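Quick notes on the structure that follows.
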Amino acid sequence: MNQKLTLNKSKSIMKKVLSALLIAAMAILLVNNSFAKGKKIKYGKVGLADLQMTTYEFDTSAVAVVLYEKGEYDGTNHQFYFHRRLKILKKEGLDFANYEFNTGAKGFIKGITFNLEGGKIIETKLDKHNIYEEKIWDYKFEYNVAMPNVKVGSVLDIEVKYDGFPPVWYFQRSIPVVLSELELGDNQYLTFRKSLGGIIRPQSVGYNHWRAENMPAFISEAYISSDKNYLSRIELDINETHFPGYYALEYTSSWKSVQTILLRINSFGKALEWPNGFLNKYAKEIEEAATTDTEKAKLAVEKIKSLVSWNGVSRFTIAEDNLSEVAKDKEGNSAEINLMLIELLDKLDLDARPMVMSTRANGMLHPTYPSLNKLNYVVAYVNVDGKPLILDATSKDLAWNMLPVRCLNYGGRVLDGHNTQAAIISPKEKFAKRAYYDLTLDENMNLSGKLSYLNKDYAAYSFRNDYKSYLGDQDYVENLANDKDGLSIIDYKIENVKVLEKPVSEKYEIEIEDAVSVIDGQAFINMFLFEQINENPFKLEERKYPVDFAYARAASGVVRIAVPENFTIAELPKPVSISLPEKSAKFTMIYQMNNNVLTLNYKLLINRSVFPENAYLYIKEFYSQVINNQGYPVVFNIN
């Protein structure tokens, strides 16, 4: 009797499992069929299949998936509308419930979160308090939206409508997209330019009508400038408008027309037309202190850094009414700070002009086509002692003539009020870090002695950026010791953290445990210690976008270890010299033993900032060989 009950119970459970699997499979099939076949999808009408979906069949690792996305431009009414539906599949996908997007005018937004609870579909509407709006300038608004009551399994619907033309449409994201579609209607009063980009191009399915189905998630890897450069997309810019009752207006038919627009708006060009008399006293002080134009430029950058702190917002337009208000607030966005710098340089009779650009995170400017939509930053372009300099005053951790990493994005456009010119950003400074170990190995197989680092240029910038998150030297040093296995720091001295023109120097008295292994009368020591690269940052079988290091790199070091008298060499790694063509990258290491002192000299040089995609396998193999050679220990016989 009990056996029969158990058997029936097992059959019942099996039926439930098979039924659940069948429902899940049908849900996936229904979801893919309904979207891929072009079935009309209405905002606010979510089916049971969407909510029962638990995985995406084409990418079971996906944490979320865009089920449907369509943008439509109504040329008759000059309105853009888009609808996006997204499914949260895993806990890691909850962040995709937060949206950020730009519009060409004030937007009207509504959204609903759908959840399946107790077999019922529960709707939670987006509240206006979950929508943050910021006007960037006359033709650009930025919105941040946080959808409510989001959990694993939720389906999110969002609808946005605004007057104007879309700046860009992405068919691909960091999560899969089942269906994405863009349709642009004609408007007899405007002309626009479209530029298709990305590794995978959308399909043209009609006049100004594109579609992409089952678009895979974009896989981002280390050392990439921005995903936005390689996502499947269409970038759009209005060339000109000629609405009835208004003058014809050129927007992006040329960079000169872009300049005309920018110089006449209050948040850019007009800010430079104000007298900005609050800067006069600083100009006078600098004139009295400086003997050359280079000194004037240096003191001007330092003065602006001392007056205003960057609020972390990248813009090419000001948010305040004028620059004097920014000075009073002692805080501002990047445009407010750098336009103030341009004004001060101008008062010093230096040939300073605004240079508009796009930051790394925002993606590259098109090499041929002018754009308003792509601009999000401005720096100062100035000729000093016959040499052009590109200056930025937002970072208090950088030397006066260095640009922050966000600006290392190939180039921008210099505006002089008459013509414009392209300017290339190519930093001469490197990420240069040198390590020096001078240690002694005792009879207990522990190391003790000195460790020092010299951080130059972008390595110094990186150190200073990291250092300011700590309470001071002691807090930084305690964290450093905790981060390195077996490291104890007995004493320390850190110099030039605030002296920006000098390298940052770190000097430590240290002890290291567990760095030496003893097996069968032999001691094994990896001489790279804490400088060893443990993991190759390049893992893809194929990479279809460049490797972008932002700047050249130089990691070098000397490691000296005095070993006990009863140690003799059993195995010493051979000298190594590995190079890529044209010496674009090079690694060398050489060991020497002299009077019981073992010395390692090494250098790892990346001599160019960008490698094309066809060099990917070479740079990947280069790093593999570096890691492999760094992994060889020195073996001693213990006599």
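The values are calculated or read from the model by the stated rules, or taken from the named source; none is laboratory data. Bear in mind the structure is a predicted one, so any value in this text is a computation, not a measurement. When we count neighbours, we look across all protein chains shown, and the Cβ atoms used for this are built from the backbone with ideal geometry, even at glycine. All accessible areas refer to the heavy atoms of the entire protein, side chains included, with ligands and DNA or RNA removed. Shrake-Rupley method; radii C 1.70, N 1.55, O 1.52, S 1.80 Å.
Sort 79-87, 199-207 by the packing proxy (mean of other Cβ within 10 Å over each peptide's residues), most packed first.
79-87, 199-207
Would you calculate the separation in nanometres between label points at Asp349 and Thr588, each defined as 7 Å from the Cα along the Cα-to-beta-carbon direction?
It works out to 5.0 nm between the two label points.
Of Val378, Ala352, Ala399, whose Cα points farthest to the positive end of the dipole of the range 330-457 (charges on the beta-carbon: +1 Lys, Arg; -1 Asp, Glu; origin at the Cα centre)?
Of the candidates, Val378 comes out farthest on the positive side.
Just want to confirm a number: the relative contact order over the range 479-574, from Cα pairs under 8 angstrom separated by 6+ residues, in percent. Present the calculation step by step, with values, prior to reporting the outcome.
On the way: 60 pairs, mean separation 16.2, N = 96.
Reported relative contact order: 17 percent.
What distance in nm separates the simple spin-label points at Asp329 and Asn534, each placed 7 Å from Cα in the Cβ direction?
Roughly 4.4 nm, to one decimal.
Fully extended, how many nm does the chain gain between Ala290 and Ser309 (0.36 nm per residue separation, minus their Cα-Cα distance)?
4.4 nm
Round to a whole number: what % of the accessible area of the chain belongs to carbon and sulfur, probe 1.4 Å?
Using a 1.4 Å probe with all protein chains present, the chain comes out at 49 percent carbon and sulfur.
Extension gain Lys281-Asn628, at 0.36 nm per residue separation less the Cα-Cα distance, in nm?
This chain segment gains 119.0 nm when fully extended.
At 1.4 Å probe size, with every protein chain present, just tell me what the per residue accessible area of the chain comes to in Å².
49
Counting Lys and Arg as +1 and Asp and Glu as -1, each charge on the Cβ, what is the dipole of the range 417-481 about the Cα centre in debye, to the nearest 20?
About 520 debye.
Going by amide H atoms built from the backbone, whose H comes under 5 Å of the H on Ile175, apart from near neighbours?
It is Phe218, by chain and number.
Rounded, prolate or oblate, given the Cα gyration tensor of the chain, with a/c below 1.5 counting as rounded?
oblate
Using the structure shown, list the pairs from Lys374/Lys428; Lys256/Lys428; Lys347/Lys430 with a Cα-Cα distance above 28 Å, or answer none.
Among Lys374/Lys428; Lys256/Lys428; Lys347/Lys430, the Cα-Cα distance tops 28 Å for Lys256/Lys428; Lys347/Lys430.
Can you list the residues, at least 5 places off or on another chain, whose amide H is less than 5 Å from the amide H of Ser254, using H built in the peptide plane?
Amide H neighbours of Ser254: none.
Tell me, what is the FRET efficiency for Thr60 and Glu565 to the nearest 0.05, using R0 = 60 angstrom and their Cβ-Cβ distance as r?
0.50
Pairs Lys91/Lys539; Lys387/Lys498; Lys40/Lys87: which are spaced more than 20 Å apart, C-alpha to C-alpha?
Listed pairs above 20 Å: Lys91/Lys539; Lys387/Lys498.
Mark the label point 7 Å from the Cα of Asn266 along Cα→Cβ and return the residues of the range 322-340 whose backbone N is within less than 12 Å of it.
322
Straight-line reach only, C-alpha to C-alpha below 16 angstrom: list the lysines that Lys328 could link to, leaving out same-chain residues fewer than 8 apart.
By straight Cα distance, Lys328 reaches Lys281, Lys303, Lys305.
Under a straight-distance cross-link criterion of Cα-Cα below 20 Å, which aspartates and glutamates are reachable from Lys70, leaving out those fewer than 8 residues away in the same chain?
Correct list for Lys70: Asp50, Glu100, Glu142, Asp157, Glu159, Asp163, Glu181, Glu183, Asp186, Glu213, Glu235, Asp237.
Label points 7 Å out from Cα along the Cβ direction at Glu509 and Asp385: separation in nm?
According to this spin-label approximation, the distance is 4.3 nm.
How about Lys450: which aspartates and glutamates have a C-alpha closer than 14 Å to its C-alpha, ignoring those fewer than 8 places off in the same chain?
Filter leaves Asp438, Asp491, Glu506, Glu509, Glu511.
Starting from the Cα of Lys428, move 7 Å in the Cα-to-Cβ direction to define the label point; list residues of the range 371-393 whose amide nitrogen is under 14 Å from there.
384-390
Defining a contact as two alpha carbons under 8 Å apart and six or more residues distant in sequence, what relative contact order in percent does the range 537-639 show? Before the final figure, lay out each step's value.
Working: 170 pairs, mean separation 40.8, N = 103.
RCO, the range 537-639: 40 percent.
In percent, what relative contact order does the chain have, based on Cα pairs under 8 Å that are 6 or more apart in sequence? Write down the numbers at each step before the final one.
Working: 1333 pairs, mean separation 54.2, N = 639.
Relative contact order here is 8 percent.
Give Lys228/Lys502; Lys284/Lys502; Lys128/Lys151; Lys110/Lys228 a once-over and call out the pairs whose C-alpha atoms are over 24 Å from each other.
Those over the limit are Lys228/Lys502; Lys284/Lys502; Lys110/Lys228.
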